[in-house]
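The values are calculated or read from the model by the stated rules, or taken from the named source; none is laboratory data. Just so it is clear, the structure is predicted and the values come from calculations on it, not from any experiment. Note that each Cβ is placed from the backbone with ideal geometry, even for glycine, and that neighbours are counted across all protein chains shown. In case anyone asks, the SASA skips ligands and DNA or RNA and just uses the protein heavy atoms, side chains included. Shrake-Rupley method; radii C 1.70, N 1.55, O 1.52, S 1.80 Å.
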Amino acid sequence: MKILVVGSGGREHVLCWTLAKSKNAEKVYCAPGNAGIAQEFECVNIKVSELEKMADWAVENKIDFTVVGPEAPLCDGIVDVFKARNLAIFGPSKAAAQLEGSKTFAKKFMEKYNIPTARAAEFDTPAPAKDYVATEFANGEKGIVVKADGLAAGKGVLVADNAKDACDFIDLCFEGGFGGAGNRVLIEECLFGEETSVLALVDGNTIRPLASSQDHKRAYDADKGPNTGGMGAYSPAPVVTDAVMAEVKANVLDNVLKGLQAENLDFRGLLFVGAMVTDKGVKVLEFNVRFGDPEVQAVLSRFEGDLLDVMQKVSAGKLADAELVWSADPAVCVVMASGGYPGDYTKGFVISGLDAAAATGAKVFHAGTGLNSDGKIVNTGGRVLGVTSRGKNVAEAIKKAYAAVDCISWDGAFCRRDIGYHALEHEAAK
Ligand code: AMP
Ligand code: GLY
């Protein structure tokens, strides 16, 4: 079978790599891909926003199955465009993708289908939003969360511990700081606890979680600094005990499935539930309608089944028959980022040490990489590489991942040095 993966990040690299191991995978293409993906798979120069062009290319090249990585083409309706041409594809319809595309849509869905989440209010103008913030702090809240309503690449959210920062961020949203994504804001109660990313396959009839995982959202060690798209991940996440997973299944996943069915939303793909494990139970922070990145790099590094077969079953509504097989060995992914990320970052620097890193046995998934005019690999994006390793235990996986990280350098490169620290704390507390 010929497979097309749409996107160009670390997520798409690990998707290509895992799909290529499937029994029926004949050839894997990636559009548009990146420099690292191009070393292993054929990349096609079509942007993820060019939906009709992508579908034309898939028809002409007799693609049997397409997997979409990022949220933007899903929210733009790529699944509807492909299905209209009878092309098999993995992902939610445009209507269902609103679960990620609109935070207010998602919040209403959660409230309607009894999915536990943070208390929230939405505002179309800044003044009442600021009054609400003032009242919340006056009522003794220790924090407040402001969210721009729309896609903002993980940056349209501020967790503030004072009213001034929250109000400044409200102004930034309404002044167009996040493009069209800031014409409305959602203001939420601040939840405290440990976060986890639950990735679940859903086909309209069944919903099944993958192995558990945890991201590290903040830019710097000890969860300091601004929110990012994710600085590293590991799987499994010890915070997700069997009891927590059972709670997520009963209170979140099963209710999501009921809601999708009741609202006639066609979702045959991957639902990502960002959740906070609080002392009052699990609460949903957000839905995404695609694999989390870098979580997927850790999760799929432990996957020992046939991903193409699983995804085809999802697309055909037969997820109940799919075999999900996991290695017991934990996996850790450390993200290496460009200097300045998540703000303006420096780029175009030659990356050295990639071969030495690979020789350690770790897998280096590429995200923001390209080739310069000499054909050398350079950093082109904020998040550049996802250096991923498995180990007999989480401590070993961490050690191996950092041994590979330490082989790699470019001007301005940085990474967090504490990826997996929650897992180590849980182990120590056993
Ligand atoms: P979101 O894009 O909605 O997941 O928000 C990005 C990040 O902000 C989350 O991963 C959390 O770390 C944090 N966050 C979002 N909502 C809340 C909340 N209600 N309470 C505490 N932290 C939150
Ligand atoms: N790592 C979080 C995300 O993919 O949204």
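The set of residues from the stretch 213-255 being open to solvent by 10 Å² or more (accessible area, probe 1.4 Å), of a type in the set (Gly, Ala, Ser) and either within 12 Å of ligand 2 (Cβ to nearest atom) or over 20 Å from the mean Cα position of the chain (by Cα) (or both) comprises Ala222, Gly229, Ala243, Ala246, Ala250. Can you spot a residue in the stretch 15-27 that is in contact (Cβ under 8 Å) with a residue 40 or more places away in the chain and either in contact with a Pro (Cβ under 6 Å, 6 or more places away or on another chain) or closer than 23 Å to Val81 by Cβ (or both)? Taking every residue of the stretch 15-27 in turn, at least one turns out to be in contact (Cβ under 8 Å) with a residue 40 or more places away in the chain and either in contact with a Pro (Cβ under 6 Å, 6 or more places away or on another chain) or closer than 23 Å to Val81 by Cβ (or both).
For the stretch 40-85, enumerate the residues that are in contact (Cβ under 8 Å) with a residue 60 or more places away in the chain and over 25 Å from Gly229 (Cα atoms). Passing the criteria: Lys62, Ile63, Asp64, Phe65.
Counting the residues of the stretch 183-229 that are closer than 30 Å to Val310 by Cα and hydrophobic (A, V, I, L, M, F, W, C) gives 8.
Considering the stretch 99-133, and only residues there that are farther than 15 Å from Ile187 by Cβ and outside any helix (DSSP H, G or I), the residue that is farthest from ligand 2 (Cβ to nearest atom) turns out to be Asn114. Residues in the stretch 161-208 that are open to solvent by 50 Å² or more (accessible area, probe 1.4 Å), within 15 Å of ligand 1 (Cβ to nearest atom) and in a strand (DSSP E or B): 1 in all.
Output yes when any residue across the stretch 86-102 is farther than 27 Å from Gly274 by Cα, in contact (Cβ under 8 Å) with a residue 40 or more places away in the chain and surrounded by fewer than 24 Cβ atoms within 10 Å (Cβ to Cβ), and no when none is.
yes
Candidates Ala233, Ala222, Ala211, Ala237: the one that is outside any loop (DSSP other than H, G, I, E, B), out of contact with any Cys (no Cβ under 9 Å at 6 or more places or on another chain) and at pLDDT 95 or above is Ala222.
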